[in-house]
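Have a look at the structure below, then the notes.
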Amino acid sequence: MGSKFTWQLSLRRAFPKTYAMLHPTLNPPWPSEEFPRAADASVVWWRCPEDHEFQASIRTVASSENPCLVCSGRLVRPGVNDLATTHPELAERWVANLNPGLTSSDVTAASEIEIVLTLSCSHAAPATPAAWVLGDIACPLCG
Ligand SMILES: [Zn+2]
Ligand SMILES: [Zn+2]
């Protein structure tokens with residue numbers, strides 16, 4: 001995947017799993033099954049097997065291992081894949097004043113930003129959601 005040759009192909013031939021996720025009714029019709037191309041930067045509608053509907057460019061979605069931005073946690077959908085919904089035990093440890101402008105409904109377990117939660121020692125520390133999901137991180141104060 002990802003070679004120049006692949007990207008010149010139609011989405012259907014290059015990334016059949018992604019092609020199958022093109023939204024069946026919300027997109028304008030393409031002239032043939034040879035369109036869209038895998039490298040197309042147009043923003044279109046998608047629907048994954050879990051019925052998550054979202055908009056994103058064909059390029060962005062095409063090559064991903066998990067093409068659904070909601071399933072893969074790259075797009076936050078409160079009540080579906082936000083941290084408060086998927087990991088309420090972590091959301092309870094959210095430190096509001098150390099996460100300015102952010103709540104546990106604004107990130108997913110796959111978000112690539114650092115969030116500040118309280119540790120079992122009751123100090124707070126920053127780490128990515130993925131690190132928090134794995135377990136407590138080392139306390140910067142207690143060591
Ligand atoms: Zn999905
Ligand atoms: Zn500590």
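Every number here is computed from the coordinates shown, using simple stated rules; none is lab data. What you see is a predicted model, and the numbers here were worked out from it, not measured in a lab. Methodologically, a virtual Cβ is constructed for each residue, glycine included, from the backbone with ideal geometry; neighbour enumeration extends over all protein chains shown.
Label reach from Thr25 (point 7 Å along Cα→C-beta): in the stretch 44-88, amide nitrogens under 20 Å belong to 44-56. Basic side chains Lys and Arg get +1 at the Cβ, acidic Asp and Glu get -1 at the Cβ, and with that the dipole of the stretch 1-119 about its Cα centre reaches some 500 debye.
Computed with the Debye formula from one identical point scatterer per Cα of the stretch 83-134, without solvent, the log10 of I(q)/I(0) at q = 0.25, 0.27 Å⁻¹ comes to -0.95, -1.13. Would you mind estimating how fast the chain diffuses translationally, via Stokes-Einstein at 4 °C and 1.567 mPa s with the Kirkwood radius over Cα pairs, in µm²/s? Here the translational diffusion coefficient equals 76 µm²/s. Hey, any idea what Rg/Rh is for the stretch 4-62, computing Rh the Kirkwood way over Cα pairs? Taking Rg over the Kirkwood Rh, I get 0.93.
So how far, in whole Å, is the C-alpha centre of the stretch 7-29 from the one of the stretch 108-122? A separation of 36 Å, based on Cα centres.
Working from Cα pairs under 8 Å separated by at least six residues, relative contact order for the chain is 14 percent. Lacking any other cysteine beta-carbon closer than 4.7 Å, the following Cys residues of the chain have no compatible partner: Cys121.
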